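The structure under discussion appears below in the form of structure tokens.
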Amino acid sequence: MLTQSSNIKTQNHSVNVKTDLRSRSYNFSLSIIKYLEVLPNRQVFWVISDQLLRSATSIGANIYEAKSASSKRDFIKFYDISLKSANETSYWLTLLRDAFPVNNATVTLLLAEVEAL
């Protein structure tokens, strides 16, 4: 049987996890922006960079948007979109890592973070 203090701890933990996820997704977007700034200024990177920027920033945007969801179904929809964006982000990062040995250590860290998100 849960006591009232146990319920409060569980609720606080849930709030902290949600806040942490929003914070981590925002910081991940910043990390992607900083990573893209150091890529070579070549046409092939322009296309991939654009796609990566859109998908990576979409993760956090949809997590933030879920906070204002009008229903549980709406909330789930935003997290579902965020998951799909994370999968797409993994694709672009893996493509960059495999096609161009540009800062592979950074890409490895970014891949680990997108998987965690």
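Taken over segment 79-98, the criterion of being under 12 Å from Ser25 (Cβ atoms) and either of a type in the set (S, T, N, Q) or surrounded by 18 or more Cβ atoms within 10 Å (Cβ to Cβ) (or both) is satisfied by Ser82, Ser85, Ala86, Thr89. Summed over segment 57-78, the residues that are of a type in the set (Ser, Thr, Tyr) and open to solvent by 70 Å² or more (accessible area, probe 1.4 Å) give a count of 3.
Taking segment 42-88 as the range and being under 13 Å from the mean Cα position of the chain (by Cα) and in contact (Cβ under 8 Å) with a residue 40 or more places away in the chain as the test, the residues that pass are Leu52, Ala56, Ile59, Ile63, Tyr64, Ser82. Could you tell me whether segment 101-109 includes any residue that is within 10 Å of the chain's Cα centre (by Cα), surrounded by 12 or more Cβ atoms within 10 Å (Cβ to Cβ) and under 21 Å from Arg22 (Cα atoms)? No. Residues in segment 35-51 that are in a helix (DSSP H, G or I) and either over 28 Å from Ser68 (Cβ atoms) or touching a Pro at 6+ places or on another chain (Cβ under 8 Å) (or both): 10 in all.
Of the residues making up segment 30-48, those that are among the polar types (S, T, N, Q) and at pLDDT below 95 number 2.
The values are calculated or read from the model by the stated rules, or taken from the named source; none is laboratory data. No experiment lies behind these values; they were computed from the predicted model shown. Cβ coordinates were reconstructed from backbone atoms using ideal geometry, including for glycine residues, and neighbour counts include every protein chain displayed. When the accessible area is computed, the model is the full protein with side chains, heavy atoms only, and any ligands, DNA or RNA have been set aside. Shrake-Rupley method; radii C 1.70, N 1.55, O 1.52, S 1.80 Å.
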